[in-house]
1. Would you check which residues across the range 130-171 are in a strand (DSSP E or B) and more than 22 Å from F192 (Cα to Cα) and list them?
2. For T105, all conditions in the list (1) closer than 24 Å to G202 by Cα; (2) surrounded by 19 or more Cβ atoms within 10 Å (Cβ to Cβ); (3) among the β-branched types (V, I, T) hold save one; what is the number of the exception?
3. For a quick check of your reading: which strands (runs of 3 or more DSSP E) sit entirely within the range 14-122 and have at least 2 residues that are under 26 Å from I169 (Cα atoms)?
4. Take the range 168-215 and flag every residue that is buried (at least 18 other Cβ atoms within 10 Å of the Cβ), within 15 Å of the chain's Cα centre (by Cα) and of a type outside the set (A, V, I, L, M).
5. Could you check how many residues of the range 53-75 are of a type outside the set (A, V, I, L, M), surrounded by 15 or more Cβ atoms within 10 Å (Cβ to Cβ) and out of contact with any Asp or Glu (no Cβ under 9 Å at 6 or more places or on another chain)?
6. Considering only the range 144-153, I want to know if a residue exists there that is farther than 15 Å from F189 by Cβ, in contact with a helix residue (DSSP H, G or I) (Cβ under 6 Å, 6 or more places away or on another chain) and not β-branched (V, I, T).
7. Just wondering, is there one or more residues in the range 114-121 that are under 19 Å from A205 (Cα atoms) and crowded, with 21+ Cβ neighbours inside 10 Å?
Amino acid sequence: MKLTFKQIAAATLFVAAGAAQAASVTINVGGSWNGLTATGSATLSFSADLLGALDTGKIALANYGAAVSNITKDTDGYYVSASAAAPGTAITFDDTTLNVLGVATTGGMTLTAPVVKSVSSGGSLTVTDLSANLTNNTIYATIIGGNGVGTITNFALWNFATLTGGTTIAGPGTYNNSITGLSLTTDGFNKFSQALGLLSLGKAAMQGITDYGTISSTIVATAVPEPSTYALMGLGLIGVAVAKRRRAA
């Protein structure tokens, strides 16, 4: 019996580790693996509680980077909804089960807080480049904050409660999933408060939020044509060119 390279490699890893451990594979946008290429996007939608806290601090929202924001207010200037849709940059999944382990995006949103008595001394916070780790229920981000926060990459900003939808790449197709029950980590709350200059009432408004929103993502897996397909396409184009020359002659 002949073993394939993949089987030999898997057996070697098993012996070295002393137990079977799954390997993770990351596909960057534009790249491919095992005959598949993947693209995707994710949309962060703010909860009503978060919008209420933003109203308390008169915090303004603005698009950042490659994300596209959708912000609506009522006639009195209060937030009705706010979301940011960001293109995907990479998808990580289990090499054996094909379960999605993580999704990374680029772009986000900037929050700017004015000086409001007992609410905020003023500041700003940009949340961008979200990366969802589906194995530890954590959302990481790059944050860029005022008031001495600076730029922090791969920052554990939120934990999430539930994940639903298609999380196994079974082949070409479209897979939709939803992350709900976002809650700030302890470090996330501290950096959020520092960057926006939150005072007693501002912190109280943020502490009263039990759900910051949802993240809905779409992954599109597409089959990559075999080399023979490209060869046939090339021969077809050559044939068309030759036919045109003969007609011209």
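Nothing in this text is a laboratory measurement; each read-out follows from the coordinates by a stated rule. This is a predicted model, so every value here is computed, not measured. As a convention, Cβ positions derive from the backbone with ideal geometry for all residues, glycine included, and neighbour counts pool all protein chains shown.
1. Keep residues of the range 130-171 that are in a strand (DSSP E or B), which gives 130-133, 138-145, 150-159, 162-165, 168.
Residues satisfying the conditions are T162, L163, T164, G165, T168.
2. (1)
3. Numbers: elements: 24-28, 36-46, 60-64, 68-73, 79-94, 100-105, 108-116.
In the range 14-122, the matching strands (runs of 3 or more DSSP E) lie at 24-28, 36-46, 79-94, 100-105.
4. Across the range 168-215, the qualifying residues are Y175, N177, G213, T214.
5. Going residue by residue through the range 53-75, those that are of a type outside the set (A, V, I, L, M) are 55-58, 63-65, 69-70, 72-75.
When the remaining residues are screened for being surrounded by 15 or more Cβ atoms within 10 Å (Cβ to Cβ), the result is 55-57, 63-65, 69.
Still in the running and out of contact with any Asp or Glu (no Cβ under 9 Å at 6 or more places or on another chain): 55-57, 63-64, 69.
The total comes to 6.
6. Step one: filter the range 144-153 for residues farther than 15 Å from F189 by Cβ, giving 144, 146, 148, 150-151, 153.
Subsequent filtering for residues that are in contact with a helix residue (DSSP H, G or I) (Cβ under 6 Å, 6 or more places away or on another chain) retains 146.
Of the ones still in play, those that are also not β-branched (V, I, T) are 146.
Yes, there is a match, as at least one residue in the range 144-153 is farther than 15 Å from F189 by Cβ, in contact with a helix residue (DSSP H, G or I) (Cβ under 6 Å, 6 or more places away or on another chain) and not β-branched (V, I, T).
7. Within the range 114-121, the subset under 19 Å from A205 (Cα atoms) is 114-121.
Filter once more, so that each one left must be crowded, with 21+ Cβ neighbours inside 10 Å: 119-120.
The answer is yes, given that some residue of the range 114-121 is under 19 Å from A205 (Cα atoms) and crowded, with 21+ Cβ neighbours inside 10 Å.
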